[in-house]
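Take a look at the structure set out below.
What follows is calculated from the coordinates using simple rules that are stated; it is not laboratory data. Model, not experiment: these values are computed from the prediction. Cβ coordinates were reconstructed from backbone atoms using ideal geometry, including for glycine residues, and neighbour counts include every protein chain displayed.
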Amino acid sequence: MKRREFINQTASVGVVLAAGSLTPAWSLAGTAGKLTPPAKGKIPVAFAISEGVTVIDFAGPWEVFQDVHVADRGANHDDQMPFELFTVSDKTEALTGSGGLKLVPDYTFETSPQPKVVVVPAQRGSKALHAWLQKMTASTDVIMSVCTGAFQLGRAGLLSGKEATTHHDFLDNFAKAFPDVTVKRGLRFVEHEQISTAGGLSSGIDLALRVVDRYFGRTVAQATATYMEYQSKGWIV
């Protein structure tokens, strides 16, 4: 199945044609500011995945978080790499992502360690995912969606009364599906204190870099982007 078909299915709507691409812009929808990392140990990051998950939506942020290096967090390399990454889903059985990529989740929603950051890519989702996301709002620093992953946050009730964005092909249908959400167009991401939404595909890299910036500052985030040879400045707020 082609990638666009996957995205279409994960949004559960037909494609709406939209001209143009996202500008390197941002929206500080709330008063989101600095996040405080633990003095020692890891920051757990959960990637919620299910059938049809779009690979770049989670692989882009995964690469960002795995590449972060903070020299003053400890004497050894492991201490200096502050994020611990894992996948979580309904079951720990193989599922198929975009392009036919086979994935085996690390944990179920019932067995998952407690994350501080949650990444929700485009995917088919489930009621179990929505219930888990609702539960996570009590204890996470950030819950971020990428692409039509915003539909999953919307179905979980996490976006009610907020500003949000999604892939540009689905903005109109997103607005119809969630009339209590203010849809922002042409932005790489829309940020609130805890809940943030990125536009399509590579926009998730920008939002992940912004999360790194909030935890460790601009210098660390820029060093991560430089290591990745990522030239977009869309993450800079």
Self-check item: For region 107-228: rounded, prolate or oblate by the Cα gyration tensor [a/c cutoff 1.5]
Solution: oblate
Quiz item: Taking the chain as a Gaussian network, where each spring joins two C-alpha atoms under 10 Å apart, which residue of G186, G99, G125 fluctuates the most?
Solution: G99
Quiz item: So how tilted is helix 55-67 from the main axis of the chain? Cα-based, degrees 0 to 90, rounded to 10.
Solution: 10 degrees
Practice problem: Calculate how many DSSP beta bridges within the chain are antiparallel, expressed in % of all such bridges and rounded to the nearest 5. | Solution: 20 percent
Quiz item: Under 19 Å from a point 7 Å along the Cα-to-Cβ line of T108: which residues of region 118-153 have their amide N that close?
Solution: 125-136
Quiz item: Of the cross-linked pairs K91/K162; K40/K162; K91/K116; K40/K116, which ones have a Cα-Cα span greater than 25 Å in the structure shown?
Solution: K91/K162; K40/K162
Quiz item: Which value results when the Cα radius of gyration for the chain is divided by 2.2 N^0.38 Å?
Solution: 0.94
Quiz prompt | Angle in degrees between helix 218-227 and the longest Cα principal axis of the chain, rounded to the nearest 10 | solution = 80 degrees
Practice problem: Evaluate the distance, in nm, between pseudo-label points positioned 7 Å from the Cα of H77 and of A177 along their respective Cα→Cβ axes. | Solution: 4.1 nm
Practice problem: Specify, per residue and in Å³, the volume enclosed by the convex hull of the alpha carbon atoms belonging to region 71-148. | Solution: 134 Å³
Quiz item: So how much slack lies between S160 and A94, counting 0.36 nm per residue of separation and subtracting their Cα-Cα distance, in nm?
Solution: 20.5 nm
Quiz prompt | Net dipole in debye of the chain [+1 Lys, Arg Cβ; -1 Asp, Glu Cβ; about Cα centre; nearest 20] | solution = 400 debye
Practice problem: Could you tell me the distance between the Cα centroids of region 138-182 and region 58-128, to the nearest Å? | Solution: 20 Å
Quiz prompt | Protection proxy ranking, peptides 198-210, 101-113, 161-173, 133-145, average beta carbon neighbours within 10 Å, highest first | solution = 198-210, 161-173, 133-145, 101-113
